[in-house]
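What follows is a set of notes on a single structure, which appears directly below.
The values are calculated or read from the model by the stated rules, or taken from the named source; none is laboratory data. Owing to the predicted nature of the structure, the values given are computational and were not obtained by experimental measurement. Because the Cβ atoms are built from the backbone with ideal geometry, glycine has one as well, and the counts that use them run over all protein chains shown. Note: areas computed on protein heavy atoms with side chains; ligands, DNA, RNA excluded. Shrake-Rupley method; radii C 1.70, N 1.55, O 1.52, S 1.80 Å.
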Amino acid sequence: MSSMTRDIPDENGFFGASPNNGDGNQQQHGYGGRYVAETLMPLIAEIEAAYDEARADPAFQSRLQELQRDYVGRATPLYFAERLTEHFGGARIYLKREDLNHTGAHKINNALGQGLLAQRMGRKRLIAETGAGMHGVAVATVAARLGLPCVIYMGATDIERQQPNVQRMHLLGAEIVPVHSGTATLKDAMNEALRDWVAHVDDTFYIIGTVAGPAPYPRMVRDFQSVIGVETREQLLATQGRLPDTLVACVGGGSNAMGLFHAFLDDDVAMVGVEAAGEGLESGRHAASINGGAPGILHGNRTYLLQDDHGQILDAHSISAGLDYPGVGPEHAYLHDSGRASYVAVTDDEALEAVGLCCRLEGILPALESAHALHHAGRLAAAQGPDQVIVVCLSGRGDKDMDTITRHLMPEEAES
Amino acid sequence: MSATPLNTETLNTETLNTDSRLARRFAALREENRAALVTYVMAGDPDLEQSRQLLERLPQAGADIIELGMPFSDPMADGVAIQRAGDRALANGQTLALTLDMVRDFRERDADTPIVLMGYLNPIQRFGEDRFLQAAADAGVDGLILVDLPPEHGVALTAKARDLGLARIPLVAPTTPPERLPALLAQGDGFVYRIAFNGVTGSQRLDIAASLGDSIGELRQQISLPVAVGFGVRDGDTAAAVARIADAVVVGSALVERLAEDGVESALALVEALAEAIQAAR
Ligand SMILES: Cc1ncc(COP(=O)(O)O)c(C=O)c1O
């Protein structure tokens, strides 16, 4: 697997030019890096070295594959969505069923990989941030399986809107710490997890839930999620003897999207990341960092961020807690600038509409996050011919969102 | 693909500032055989007016060096006290431009007390890195502590800062391995900030262990810059204990908390008490 595009980032964790190359102008360099406090720097170097070792170790890889198969339930199906295809009357739509993973989303792919790495490094305690709670549930699950205690940081606002996942995490034995600082959502949970980590560098492993954070996290999480695209490629080649024309995935931090895209970077395949437009890009109430933000530095990496004219980070807004993050993984920032992938945005209402449609036509309840991708895939499919193939990453199932969905799609039932 | 050795070759060490306000202050203190009291306050906390008053009166109360926090919405290395101080400042409209104005006004009345700006990179980049460095130098800032700019990414900024006479004060943590020190110190100027424990600001009370003294001793063998110790100094006894092993004692969260709870006069009283304890320490 060696190619120009796929071997990035460089040794300093940059996708694109490093800041110390060229004229060193911080404003013009690439994305990623390791912008963290000195206390964490040695630790991050240690994780990077341990990860590179594990990655090259057949024993680690075979343990990971075994658990992916027997515990997570991989490979997940690549399902031809016949009725959705008919409905839009154009391109053929396939769904990569990450919702069928154990714990109901793609998040477990990464939590398992990092959990095994933590165990290999002899760490005694896992911590994580969570927004929708899917990553938190995945980490709590892996922690239970590996016999390690875990602490999950979750914004107080998210705790309220994702109750079923909070209860699941408790049941799995995790400690949940509500975060009240800032906007009490995902970015604040991440701040708090970083603060915990600085105070427990000796025994704790921080399992970041998306392709963001300081290097090596964006690369490591991408690698653990890349199984999505690797399987998709094999499955489509096996059944259709061809590659897809277009890949579509929702983008919060961007881990399910990077996971789907990575195996296709060198192919003639279009890639579209779908951000959350919330109440509309022009409303200012959205979570579309690429479509509505500017480059800056947060949580250890340089990337597109929602920020004001003074460089203060702004609240993100999305009906789906998992997309409610004011940043995006640095590799997406790079793929956007280089033109290799394109990024669009879908509103709360459009995502809700896609939830309803997918339930009625396919009998599948998608997560609100994934519904953003579904909506855009529908738009694309309608404009294309039946010779075209679109693969959508159905990143998770929507059970966790039933409260929100009921309130919006069936208000009369929500009241009763 | 692990981290490569740091590239610090591009730094011109000849421009190291030996006749800076910081160097003069430390030289004078050495004469007196006294450690410096470094006070951290957040610019614009609780509002611009009170913050200006506090800043102006800190030297009189006994602050030898002032660290002025630049508020940021997501201060990942700070504990609750400094987070809240930043939130208050931002809610009252504090900006980087206003912070630089505060320094400029201060400098008109006080030509000797060094001021070091402390904060995170994003507001600086948004302001424009070159524009910020120039404006800071023009306003009379003496140094910068940039929490989330490790030496790996800081070569270019440090070189520019140095050309303008701004010291880049390196943070050294308990986790910093000896092999990282040369790179950190190559970009360092003014003084070295030794973080006393693994944790965020204000998260615990500093417990002066013999190991801290030992590790400061080791640090001194590698550098000629003064060593400041901060994080967790909350009272006169701790300040005095630190003053016996380090060149400077940094007090932040305790002062910021006092200001929030009791106002400017009470915060200044705390500074006076700490200054007295440090004076009597050696
Ligand atoms: C089902 C689902 N999809 C997508 C996301 C967004 O994360 P990412 O962009 O990293 O895939 C989440 C996050 O919680 C999620 O739960």
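Got a sec? Which of A:ILE364, A:ILE313 is within 14 Å of chain B (Cβ to nearest Cβ) and either at pLDDT below 95 or open to solvent by less than 30 Å² (accessible area, probe 1.4 Å) (or both)?
Among A:ILE364, A:ILE313, only A:ILE313 is within 14 Å of chain B (Cβ to nearest Cβ) and either at pLDDT below 95 or open to solvent by less than 30 Å² (accessible area, probe 1.4 Å) (or both).
Going through region B:199-210 one residue at a time, which ones are open to solvent by 40 Å² or more (accessible area, probe 1.4 Å) and either within 14 Å of chain A (Cβ to nearest Cβ) or within 19 Å of the chain's Cα centre (by Cα) (or both)?
Once the filter is applied, which keeps residues that are open to solvent by 40 Å² or more (accessible area, probe 1.4 Å) and either within 14 Å of chain A (Cβ to nearest Cβ) or within 19 Å of the chain's Cα centre (by Cα) (or both), region B:199-210 yields B:SER203, B:GLN204, B:ARG205.
Among the residues of region A:314-324, is there at least one that is under 17 Å from the mean Cα position of the chain (by Cα) and charged (D, E, K, R)?
yes
Out of (1) farther than 20 Å from A:VAL139 by Cβ; (2) within 16 Å of the ligand (Cβ to nearest atom), what's the single condition that is false for A:ALA212?
Result: A:ALA212 passes all but (1).
Any residue in region B:132-151 that is of a type in the set (Gly, Ala, Ser) and open to solvent by 20 Å² or more (accessible area, probe 1.4 Å)?
Among the residues of region B:132-151, at least one is of a type in the set (Gly, Ala, Ser) and open to solvent by 20 Å² or more (accessible area, probe 1.4 Å), which makes the answer yes.
Look through region A:251-276, keep the residues that are touching a Lys or Arg at 6+ places or on another chain (Cβ under 8 Å) and over 16 Å from A:TYR94 (Cβ atoms), and return whichever of them is nearest to the ligand (Cβ to nearest atom).
Step by step, filter region A:251-276, then rank; the result is A:SER255.
Among (1) closer than 20 Å to A:VAL269 by Cα; (2) in a helix (DSSP H, G or I); (3) away from the ligand (no atom under 13 Å from the Cβ); (4) charged (D, E, K, R), which single condition is A:GLU331 missing?
With (1) closer than 20 Å to A:VAL269 by Cα; (2) in a helix (DSSP H, G or I); (3) away from the ligand (no atom under 13 Å from the Cβ); (4) charged (D, E, K, R) applied to A:GLU331, the lone miss is (3).
Could you please find all residues in region A:334-347 being crowded, with 20+ Cβ neighbours inside 10 Å and more than 15 Å from the ligand (Cβ to nearest atom)?
The answer is A:TYR334, A:THR347.
Among the residues of region B:28-51, are any part of a helix (DSSP H, G or I) and closer than 21 Å to B:ALA254 by Cβ?
Yes.
Just to be sure before I move on: is A:GLY122 without any contact (Cβ under 8 Å) to a residue 40 or more places away in the chain, away from the ligand (no atom under 14 Å from the Cβ) and not hydrophobic (A, V, I, L, M, F, W, C) in the structure I sent?
When the stated conditions are applied, A:GLY122 passes them.
Quick check: is even one residue across region B:88-97 away from chain A (no Cβ under 11 Å), among the polar types (S, T, N, Q) and either under 18 Å from the mean Cα position of the chain (by Cα) or under 16 Å from B:LEU255 (Cα atoms) (or both)?
No: zero hits.
Starting from residues that are over 16 Å from the mean Cα position of the chain (by Cα) and more than 8 Å from chain A (Cβ to nearest Cβ), keep the ones in region B:166-181 and report whichever is farthest from B:ALA196 (Cα to Cα).
Checked region B:166-181; the qualifying residue farthest from B:ALA196 (Cα to Cα) is B:GLU179.
For B:GLN125, indicate whether it is among the polar types (S, T, N, Q), more than 10 Å from every other protein chain (Cβ to nearest Cβ), open to solvent by 10 Å² or more (accessible area, probe 1.4 Å) and in a helix (DSSP H, G or I).
no
Among the residues of region A:80-96, is there at least one that is under 23 Å from A:VAL211 (Cβ atoms) and in a helix (DSSP H, G or I)?
Among the residues of region A:80-96, not one is under 23 Å from A:VAL211 (Cβ atoms) and in a helix (DSSP H, G or I), which makes the answer no.
Just for helices (runs of 4 or more DSSP H) wholly inside region A:212-309: which have at least 2 residues that are within 14 Å of chain B (Cβ to nearest Cβ)?
Of the helices (runs of 4 or more DSSP H) lying wholly inside region A:212-309, those with at least 2 residues that are within 14 Å of chain B (Cβ to nearest Cβ) span A:217-225.
What about A:THR183, is it within 12 Å of chain B (Cβ to nearest Cβ) and either within 16 Å of the ligand (Cβ to nearest atom) or part of a loop (DSSP other than H, G, I, E, B) (or both)?
Criteria met by A:THR183.
Give A:LEU112, A:LEU95 a once-over and let me know the one that is within 16 Å of the ligand (Cβ to nearest atom), open to solvent by less than 10 Å² (accessible area, probe 1.4 Å), in contact (Cβ under 8 Å) with a residue 40 or more places away in the chain and farther than 16 Å from A:VAL137 by Cα.
It is A:LEU95.
Answer yes if at least one residue in region A:191-205 is within 16 Å of the ligand (Cβ to nearest atom), assigned by TED's automatic domain parsing to the domain that holds A:LEU43, over 28 Å from A:SER62 (Cβ atoms) and assigned to a helix (DSSP H, G or I), and no otherwise.
Taking every residue of region A:191-205 in turn, at least one turns out to be within 16 Å of the ligand (Cβ to nearest atom), assigned by TED's automatic domain parsing to the domain that holds A:LEU43, over 28 Å from A:SER62 (Cβ atoms) and assigned to a helix (DSSP H, G or I).
Give the residues of region A:51-81 that are more than 22 Å from the chain's Cα centre (by Cα), open to solvent by 10 Å² or more (accessible area, probe 1.4 Å) and touching a residue at least 40 places away in the same chain (Cβ under 8 Å), sorted by residue number.
Listed by number, the residues that qualify are A:PHE60, A:ARG63.
Specify which of the listed residues (B:ILE245, B:ILE278) is surrounded by 22 or more Cβ atoms within 10 Å (Cβ to Cβ) and over 21 Å from B:ALA43 (Cα atoms).
Within the list B:ILE245, B:ILE278, the selection yields B:ILE278.
Within region A:221-232, take every residue that is of a type in the set (A, V, I, L, M, F, W, C) and within 13 Å of the ligand (Cβ to nearest atom) and give me the one that is nearest to the chain's Cα centre (by Cα).
A:VAL221
Would you point out the residue of region B:174-189, among those that are in a loop (DSSP other than H, G, I, E, B) and touching a Pro at 6+ places or on another chain (Cβ under 8 Å), that is surrounded by the fewest Cβ atoms within 10 Å (Cβ to Cβ)?
If we take residues in region B:174-189 being in a loop (DSSP other than H, G, I, E, B) and touching a Pro at 6+ places or on another chain (Cβ under 8 Å), then B:PRO177 is surrounded by the fewest Cβ atoms within 10 Å (Cβ to Cβ).
Among residues belonging to region A:27-50 that are more than 9 Å from chain B (Cβ to nearest Cβ) and part of a helix (DSSP H, G or I), point out the one that is surrounded by the fewest Cβ atoms within 10 Å (Cβ to Cβ).
Step by step, filter region A:27-50, then rank; the result is A:GLN28.
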